[in-house]
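Undergrad: Right, I'll just put the structure down here and ask away after.
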Amino acid sequence: MTEEEKVEKKKTKKTKTKTKKKKVKKKKAKEEEPPAPTEPSDDDTLNLDFSIISCRNLLVGDVRSSDPYVRILLGEKLLHKTKHVTKSLNPVFSAGKENEFSAPINYGELKKAGGLSIEVVDWDRIGSDDLIGFATIEPPRLLELSKCPKTSSIELQVPPGRKETEAGFIDVVIFDPKNRDNLENEPQTKKDKVKSKDPSESTAEESKDPAEATAEPSANETIQLSFKVSSCRNLLKGDYSSSDPYIKFFMGKKELHRTKNLLKTLNPVFGPQHNNEFSTEMAYRELKSADGLRVEVVDWDAVGANDPVGFATIAPARVLEMAEGGKPTSVQLQAPPGRKEKSAGYMILTIAHPVEESDDDW
């Protein structure tokens with residue numbers, strides 16, 4: 001056998017070995033994949049909890065605004081109807097039985113209806129109410145949303161006969177309480193399994209787990225983030241019966257941004273006119289050193305010092321998670337020290353990675 005033939009034989013052997021290893025890895029990965037969730041039968045009943053939180057950028061129903069309310073339907077069956085909010089294209093629905101409800105839904109009926117219907121309607125004192133937006137949540141999507149009690153932003157469609165191309169969004173929470181046990185007893189991830197093993201049993205292959213390698217940026221890595229405050233709901237009172245709230249963002253003692261204040265509201269809706277969006281960049285070590293970001297809701301006062309009415313700390317890992325999702329998220333606020341209230345309301349906040357414009361766009 002010539003020297004060239006020997007070299008060629010060695011290359012062939014290495015290629016076969018690599019291919020075999022890849023097949024073994026694929027097989028292991030397949031075995032570790034959780035079983036696909038089974039679809040409910042037509043006779044099964046879903047007991048779902050709903051919370052209507054807010055809408056954004058709705059269509060005008062009257063001359064300049066709308067008096068919107070929300071209807072949830074299964075086919076032609078009305079499951080729930082909220083009270084209307086007066087003169088607002090960005091309504092925030094306060095917590096309570098008018099905007100939070102539970103409903104048993106037969107899965108067979110759900111499939112037959114093609115999903116759950118959401119309608120946003122403009123209330124009129126005289127004449128019939130006008131549809132200004134709608135959405136259909138198909139059965140698979142409804143099952144997905146009901147797994148976790150998180151705020152979901154659903155795009156509304158323009159009603160027939162309207163010339164607009166967009167009808168805004170509605171923010172809702174849909175949750176199946178039976179999934180609460182699944183959240184509390186989530187199976188260990190591969191990363192957790194590796195950590196739980198005896199150190200003497202860990203292998204070089206496991207230490208190179210790509211999920212671990214990409215889980216956290218390096219300390220000196222610069223991360224770019226964009227922020228958008230959409231709304232708050234059920235804020236604490238700063239004055240006698242209301243607040244004039246604005247939002248401040250901090251990393252440690254460094255103030256990153258502040259919005260403009262709104263007047264006399266516990267359910268503010270922030271828009272561009274309130275300076276509600278900003279972008280920033282930071283070294284990841286700065287974010288970790290500050291233990292994340294601090295968001296404060298403050299009541300503006302014309303005379304005297306402004307008063308904090310709520311705050312939240314978003315840990316570094318949670319900041320990254322929200323940025324990866326890039327969707328509006330409900331952030332619970334804590335009552336400031338010295339206040340006796342247990343809850344300080346919620347904020348709808350979006351954190352995302354800024355989209356860079358490429359040369360191809362020009």
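The values are calculated or read from the model by the stated rules, or taken from the named source; none is laboratory data. Since we're looking at a predicted model, the values are computed, not measured. Here the Cβ positions follow ideal geometry from the backbone for every residue, glycine too, while neighbour counts run over all protein chains shown. SASA here: full protein model, heavy atoms, side chains in, ligands and nucleic acids out. Shrake-Rupley method; radii C 1.70, N 1.55, O 1.52, S 1.80 Å.
Undergrad: Using only the alpha-carbon atoms of the range 267-315, report the extent along each of the three principal axes, biggest first, to the nearest angstrom.
TA: 38, 24, 19
Undergrad: Additional query: What net charge is computed for the residues neighbouring residue 84, neighbours being all others with C-beta under 13 Å from the C-beta of residue 84, Lys and Arg scored +1, Asp and Glu -1?
TA: -3
Undergrad: Which cross-chain or sequence-distant (5 or more) residues have an amide H under 5 Å from the amide H of residue 157, H modelled 1.01 Å from N in plane?
TA: Residues meeting the amide H criterion: 134, 135.
Undergrad: To the nearest 20 debye, what charge dipole does the range 32-156 have about its Cα centre, counting +1 at the Cβ of each Lys and Arg and -1 at the Cβ of each Asp and Glu?
TA: Value, rounded to 20: 540 debye.
Undergrad: Output wanted: per-residue J couplings in Hz (rounded whole) for the range 103-118, from phi through Karplus 6.51 cos²θ - 1.76 cosθ + 1.60, θ = phi - 60°, x for Gly and Pro.
TA: 8, x, 10, 5, 5, x, 5, 4, 5, 5, 7, x, x, 9, 9, 10
Undergrad: Please quote Rg/Rh for the range 63-173 to two decimal places, taking the Kirkwood radius as Rh and restricting both calculations to Cα atoms.
TA: Taking Rg over the Kirkwood Rh, I get 0.95.
Undergrad: Taking all protein chains in place and a 1.4 Å probe, what share, in percent, of the accessible surface of the range 65-114 do carbon and sulfur account for?
TA: That fraction is 47 percent.
Undergrad: How charged is the neighbourhood of residue 270? Take every other residue with its Cβ under 14 Å from the Cβ of residue 270, and add Lys/Arg as +1 and Asp/Glu as -1.
TA: That sum, taken over residues with Cβ under 14 Å, equals +3.
Undergrad: Given a cut-off of 27 Å, name the pairs among 97/228; 288/340; 264/342 whose C-alpha atoms lie farther apart than that in the structure shown.
TA: With Cα atoms farther than 27 Å apart: 97/228; 288/340.
Undergrad: To continue, here is another question. How charged is the neighbourhood of residue 251? Take every other residue with its Cβ under 12 Å from the Cβ of residue 251, and add Lys/Arg as +1 and Asp/Glu as -1.
TA: Within the 12 Å Cβ shell, the charges total +2.
Undergrad: Quick one: Debye curve from the C-alpha atoms of the range 219-342, no solvent, what's log10 I(q)/I(0) at q = 0.09, 0.21 Å⁻¹?
TA: -0.26, -1.28
Undergrad: Please work out how much accessible surface residue 77 shows to a 1.4 Å probe, ignoring ligands, DNA and RNA, in Å² rounded to 10.
TA: 110 Å²
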